[in-house]
Amino acid sequence: MTHEQMMEKAWRIIHEVGITEDKEEAAADESLYLVENIYHVRDAIYGDLENGVDLEEAEKFFARHGIKWE
């Protein structure tokens, strides 16, 4: 996969899982994961894709990468 393809896939995963850093958006939709820094999430997903790491459920992924979430 090219860099662009991995970035697109990372953003697609963020959207599909329902991850946001927008507090208002998260307050309006309780199914969303609220994170402090969406770019940290993107970079962690990108790194996992680059290294062939299978993505697991969101809570385990956040814990493994030290991502704070609500």
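The values are calculated or read from the model by the stated rules, or taken from the named source; none is laboratory data. Note that this is a predicted model, so its numbers are computed, not measured. When we count neighbours, we look across all protein chains shown, and the Cβ atoms used for this are built from the backbone with ideal geometry, even at glycine. Note: accessible area is taken over every heavy atom of the protein model, side chains too, but ligands, DNA and RNA are not part of it. Shrake-Rupley method; radii C 1.70, N 1.55, O 1.52, S 1.80 Å.
Things worth noting here:
- By the helix-only formula, in which each DSSP H run with n ≥ 4 contributes -39500 (n - 2.57) and the sum is divided by residues, the chain has a 222 nm mean residue ellipticity of -18000 deg cm²/dmol.
- Binned Cα-Cα distances of the chain, short to long, each 5 Å bin given as a whole percent: 3, 17, 30, 26, 15, 7, 2, 0
- Accessible carbon and sulfur surface of the chain relative to its total accessible area, %, 1.4 Å: 46
- Label zone of residue 3 (point 7 Å out along Cα→Cβ, amide N under 19 Å): in region 9-45 this covers 9-12, 39-45.
- Size of electric dipole in the chain: Cβ of Lys, Arg +1 and of Asp, Glu -1, about Cα centre, debye, nearest 20: 220
- Computed over the chain: relative contact order in percent, which uses C-alpha pairs under 8 Å that are six or more apart: 31
- Environment charge of residue 30, counting only residues whose C-beta is closer than 15 Å and scoring Lys/Arg +1, Asp/Glu -1: -4
- If you take all other residues with their beta carbon under 11 Å from the beta carbon of residue 62, and give Lys and Arg +1 and Asp and Glu -1, the sum is -2.
- Per residue, the chain exposes 69 Å² of solvent-accessible protein surface, assessed with a 1.4 angstrom probe and all protein chains in place.
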